[in-house]
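Quick note: the coordinates plus some simple rules give every number you see, no bench work behind them. Remember, predicted model here, so these are calculated numbers, not experimental data. Please note: Cβ atoms are built from the backbone with ideal geometry, for glycine as well, and neighbour counts cover all protein chains shown.
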Amino acid sequence: MKTIIGILVIVFLVATGSVNAEDLTTVKATDSDISENLDLEVVASLFGEAENLEDFEKKLNDPKLQISNLDLNKDGEVDYLRVVETSKGETHLISIQAVIGKDKFQDVATIDVEKDSKGETQVQVVGDVYMYGPDYIIQPVYVHPPVIWMWFWGPLYRPWRSPFYWGVYPPFYRPWRPYPIHRYRRNVNVHINVNNSYRHTNIRRSKTSIELQNKSRRNDYGKKNPDRSFAKRNEGIKNRKGVAPKKNLNPKTKDIKKSTGKKVQKDWQPVSEKRGNSSKVKNNRVSVPSKQSRPNKSLNKKRVNTRSNTNRPQKMPKGNWGRKR
């Protein structure tokens with residue numbers, strides 16, 4: 001009899017322990033939203049410091065800066081972000097696309113660059129609706145007119161389309177593993193130029209940009225994962241702004257985000273001016289340079305053959321890492 005009672009007690013304890021263990025394993029912290037893995041204020045800041053779109057793409061993928069934390073294809077490495085430009089008249093649409101597979105791309109954000117009726121350049125960074133929800137728009141106001149504007153409106157302008165794709169990347173690129181969100185935030189905050197301001201608005205100024213985006217948008221990840229759209233991930237929340245930490249909001253102006261980057265010294269200068277190449281953009285207008293910039297060497301036409309059934313990126317030949325088309 002005692003033996004039977006002992007067995008029953010053991011069974012009861014085992015069963016109880018199993019239930020408790022199951023309860024513990026089913027309690028999981030809420031996953032961070034994928035839109036938290038690329039801060040568009042940082043993107044706006046880098047855009048204002050880039051010399052041209054080739055330089056901008058390089059900054060987005062610089063393994064030293066680690067601006068992106070996106071791993072959409074879940075291969076354990078941050079996705080390469082390519083930059084593709086389309087234009088019409090006085091409007092340039094810059095698309096930032098994650099390279100997620102062979103001939104597969106996902107729009108992450110776009111940048112509208114447009115000259116208005118007064119001849120002034122307006123810039124808006126727009127999060128893709130799948131990634132950030134509708135009308136998630138950042139309108140940067142730069143402390144100095146960016147040098148890249150001289151490239152857009154100057155005589156040396158040539159359309160840019162990234163020459164890189166799945167398996168073929170620039171020599172400097174070394175993919176890194178994504179970080180926990182809290183660590184990613186700490187990393188990218190120091191790259192926000194706090195001399196700029198970043199106004200959040202829900203009004204997209206450029207109708208031409210919308211037209212261009214409708215023709216060029218890539219949504220390969222979204223088509224394969226319709227249940228992972230922002231609306232599905234965050235029911236009842238319009239866009240990324242609704243899930244942003246409240247502590248980042250400026251109490252005086254609700255639609256202005258307070259930058260969390262490092263304070264910048266009073267004698268701060270853009271990178272180009274530190275090199276001695278002062279900006280020729282004044283009052284949003286371009287003065288044509290007297291000397292042409294040294295042309296970039298064309299990309300070596302000899303491509304590196306990619307190996308099938310592998311996720312390891314192939315290296316491009318040494319030399320200039322991209323070419324303009």
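Summarising the amide proton neighbourhood of Arg199: residues at separation of 5 or more, or on other chains, whose placed amide H is nearer than 5 Å comprise Gln139, Val141. Across the range 46-63, coupling constants 3J(HN,Hα) worked out from phi with the 6.51/-1.76/1.60 Karplus curve, θ = phi - 60°, read 5, 4, x, 9, 7, 7, 7, 6, 5, 5, 4, 5, 5, 5, 4, 10, 5, x Hz, and Gly and Pro carry x. Points 7 angstrom from Cα along the Cβ direction at Lys215 and Lys64: gap in nanometres? A separation of 3.9 nm, rounded to one decimal place. Under a 5 Å amide H cut-off, with hydrogens placed 1.01 Å from N, Arg218 pairs with Asp107 among residues at least 5 apart or on other chains. Taking every C-alpha pair closer than 8 Å and separated by at least 6 residues, the mean separation divided by the residue count of the range 28-102 gives a relative contact order of 22 percent. Amide H contacts under 5 Å for Tyr80: Val99, restricted to partners 5 or more places along the chain or on a different chain, H placed in the peptide plane at 1.01 Å from N.
Once R0 is set to 35 Å, what does the formula 1/(1 + (r/R0)^6) return for the Cβ-Cβ distance between Arg228 and Val190, expressed as a FRET efficiency to the nearest 0.05? Please report the intermediate quantities before stating the final value.
Values: r = 30 Å, r/R0 = 0.85.
FRET efficiency, Arg228 to Val190: 0.70.
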